[in-house]
Amino acid sequence: MLDQLAPHLRSLRKARGLSQAELARRLGVTQSRIAAIEHNPAVVSVGQLMALLHILDAEFVVRDRQQAAATPLPSSAGALRASGDAQRPGPLDER
């Protein structure tokens, strides 16, 4: 799963027109930290990942696989959404 996250993060950053240096500045870390996260997302904390996704205007999806088999979520390429409700997903708003 983490191997799938790396290209998503890189793609989202590029789609937003951000360099690693600019994303790092906005997140308050070094450019090498962004490079490390994009290379190996296992190095990022959940809090830092959520902050990164917020900057990228993206969401993270959490869903119940058993429920998803019965009622799959609509797929949207490149979108990550956060939800605590397995039946009706919604964004985790940390703003």
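A few points about this structure:
- Along each principal axis, taking the top coordinate minus the bottom one, the Cα set of the stretch 12-56 gives 24, 19, 18 Å in descending order.
- Average accessible surface for the stretch 1-48: 61 Å² per residue, computed with a 1.4 Å probe over protein heavy atoms with every protein chain in place.
- Share of carbon and sulfur in the accessible heavy-atom surface of the stretch 1-58 [1.4 Å probe, %]: 54
- For R25 and S11, the difference between the fully extended length at 0.36 nm per residue and the C-alpha to C-alpha distance is 3.2 nm.
The values are calculated or read from the model by the stated rules, or taken from the named source; none is laboratory data. Given the structure is predicted, the values throughout are model-derived calculations rather than measurements. SASA here: full protein model, heavy atoms, side chains in, ligands and nucleic acids out. Shrake-Rupley method; radii C 1.70, N 1.55, O 1.52, S 1.80 Å.
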